[in-house]
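Asks: Quick one: the structure is below, and I'll ask about it shortly.
The values are calculated or read from the model by the stated rules, or taken from the named source; none is laboratory data. Small disclaimer: the values here were computed from a predicted structure and weren't measured. No Cβ is skipped: glycine too gets one built from the backbone with ideal geometry, and neighbour counts run over all protein chains shown. Accessible surface areas use protein heavy atoms only, side chains included; no ligands, DNA or RNA. Shrake-Rupley method; radii C 1.70, N 1.55, O 1.52, S 1.80 Å.
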Amino acid sequence: MQLSTAHHDERLTAPRSWWGIAVLIGLACALMLLPLGTTALLAGLVGGTALAGLAVSSYGSARVRVVGGALAAGDARIPVTALGEPEILDAEEARAWRTHKADTRAFMLMRSYVPTAVRIEITDPADPTPYVYVSTREPRALVAALLAARTPAA
């Protein structure tokens, strides 16, 4: 039996405006240290911008992948055999599943700046997680890769 060649790889990068906000945070740090002198001002600018940039980069480094017969979303790795039918969520439905329809037991890799998502039920009876919610900019490609990963390669 061969492994499926289904593949999907997406990084949920932060929007460009967040990088501008990181620079503004650096400027704010610099202004706070202005009374201490030029060296402190420059240290605040560089240090504040670097720390804010690190936070933006870390938050925007989440990956969604379908590889090797498994869905890898953030820290979770779930075999496609434990997943039910994927459901593509448009912006309105995705917002509903992030808010009032959400189940606290669900695994959610959500990024508010990504409007669309895919929701997949967990079919493993031993797993208390009811479903997986994954933000994605390419919901159709993710669903296609999940369905292709279920079918054995010819």
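Residues checked against (1) of a type outside the set (Phe, Trp, Tyr); (2) surrounded by fewer than 15 Cβ atoms within 10 Å (Cβ to Cβ); (3) at pLDDT 95 or above; (4) not in a helix (DSSP H, G or I):
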residue	(1), (2), (3), (4)
17	yes, yes, no, no
24	yes, yes, yes, no
39	yes, yes, yes, no
43	yes, no, yes, no
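Asks: Taking residue 136 and the conditions (1) open to solvent by less than 40 Å² (accessible area, probe 1.4 Å); (2) polar (S, T, N, Q); (3) farther than 24 Å from residue 13 by Cβ, which numbered condition does it fall short on, given that it satisfies the others?
Replies: (3) is the only condition that residue 136 fails.
Asks: Name the residues in the stretch 93-115 that are open to solvent by 80 Å² or more (accessible area, probe 1.4 Å), touching a strand residue (DSSP E or B) at 6+ places or on another chain (Cβ under 9 Å) and among the hydroxyl-bearing types (Ser, Thr, Tyr), would you?
Replies: 112
Asks: If you don't mind, there's one more thing I want to ask. Restrict the check to the stretch 26-39 and report whether at least one residue is within 17 Å of residue 112 (Cβ to Cβ) and either out of contact with any Ser or Thr (no Cβ under 7 Å at 6 or more places or on another chain) or among the charged types (D, E, K, R) (or both).
Replies: no
Asks: Residues in the stretch 95-148 that are part of a helix (DSSP H, G or I) and among the aliphatic types (A, V, I, L, M): how many?
Replies: Selection size over the stretch 95-148: 9.
Asks: Say we look at the stretch 61-92 and pick out the residues that are without any contact (Cβ under 8 Å) to a residue 12 or more places away in the chain and not in a strand (DSSP E or B); which of these is most open to solvent (accessible area, probe 1.4 Å)?
Replies: Only one residue fits best here, namely 75.
Asks: Another question about this same structure. List every residue pair whose Cβ atoms lie under 8 Å apart, where the two residues are 6 or more positions apart in sequence or sit on different chains, the first residue falls within the stretch 120-132 and is open to solvent by 20 Å² or more (accessible area, probe 1.4 Å), and the second residue, located anywhere, is of a type in the set (S, T, N, Q).
Replies: If the second residue must be of a type in the set (S, T, N, Q), the pairs left are 122/129.
Asks: Ok, one more. Restrict the check to the stretch 47-55 and report whether at least one residue is in contact with a strand residue (DSSP E or B) (Cβ under 9 Å, 6 or more places away or on another chain), aliphatic (A, V, I, L, M) and either under 12 Å from residue 134 (Cα atoms) or surrounded by fewer than 18 Cβ atoms within 10 Å (Cβ to Cβ) (or both).
Replies: So far as the stretch 47-55 goes, no, none of its residues is in contact with a strand residue (DSSP E or B) (Cβ under 9 Å, 6 or more places away or on another chain), aliphatic (A, V, I, L, M) and either under 12 Å from residue 134 (Cα atoms) or surrounded by fewer than 18 Cβ atoms within 10 Å (Cβ to Cβ) (or both).
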